[in-house]
Amino acid sequence: MVKKKIIDKTRIRRINGGFAFIPHRFLTGGFLSDLSPDQLLLYFFLVLAADRYGLSFYSYDKICSLLEFNLDQYVEARCALIKKDLIAFDGTVFQVLALPEAPPKSGRQRAHPLGQIAQNLFKEVGA
């Protein structure tokens, strides 16, 4: 087992002002590997934009501008995240939801490259 130690004690991450987190189960539970790159980017954006209740209200044009999505990419990613029970959307406000028990069966067979990189990184640091 790798013994962990803080490398830079002056730069330890803390929640100050904002509130964004991704549960470790997002990686280990198969949610990450179930998302396309556009879905993953939109999900991470919504997590970063959300308050402590998971709520955010960015407009589609602002999201498309920031993520460099066209309207079709945005709508497809948003609808997929809703179908996968990761977010709710009422036409104005987004809510990032608590993770469901397991990702729905989507038919995606191959691992997402970012998921593989993250898994390798966690193995290296002994997490």
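The values are calculated or read from the model by the stated rules, or taken from the named source; none is laboratory data. Because the structure is a prediction, the values reported are computed rather than measured. With ideal geometry, Cβ positions are generated from the backbone for all residues, glycine too; neighbour counts draw on all protein chains shown.
Numerical summary
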item	result
Looking only at the stretch 1-27, and only at residues there that are over 9 Å from the mean Cα position of the chain (by Cα) and part of a helix (DSSP H, G or I), the one that is modelled with the lowest pLDDT	11
Condition broken by residue 30, with the remaining ones in (1) touching a helix residue (DSSP H, G or I) at 6+ places or on another chain (Cβ under 7 Å); (2) over 22 Å from residue 62 (Cα atoms); (3) modelled with pLDDT of 90 or more; (4) not aromatic (Phe, Trp, Tyr) satisfied	(1)
Yes/no for residue 50 being in contact with a strand residue (DSSP E or B) (Cβ under 8 Å, 6 or more places away or on another chain) and under 23 Å from residue 90 (Cβ atoms)	yes
Near pairs, Cβ below 9 angstrom, 6+ apart or cross-chain, from the stretch 6-29 (closer than 20 Å to residue 46 by Cα and among the hydrophobic types (A, V, I, L, M, F, W, C)) to any residue that is modelled with pLDDT under 80 and surrounded by 10 or more Cβ atoms within 10 Å (Cβ to Cβ)	27/115; 27/118; 27/119; 27/122
Number of the exception - residue 115 against (1) in a loop (DSSP other than H, G, I, E, B); (2) modelled with pLDDT under 95	(1)
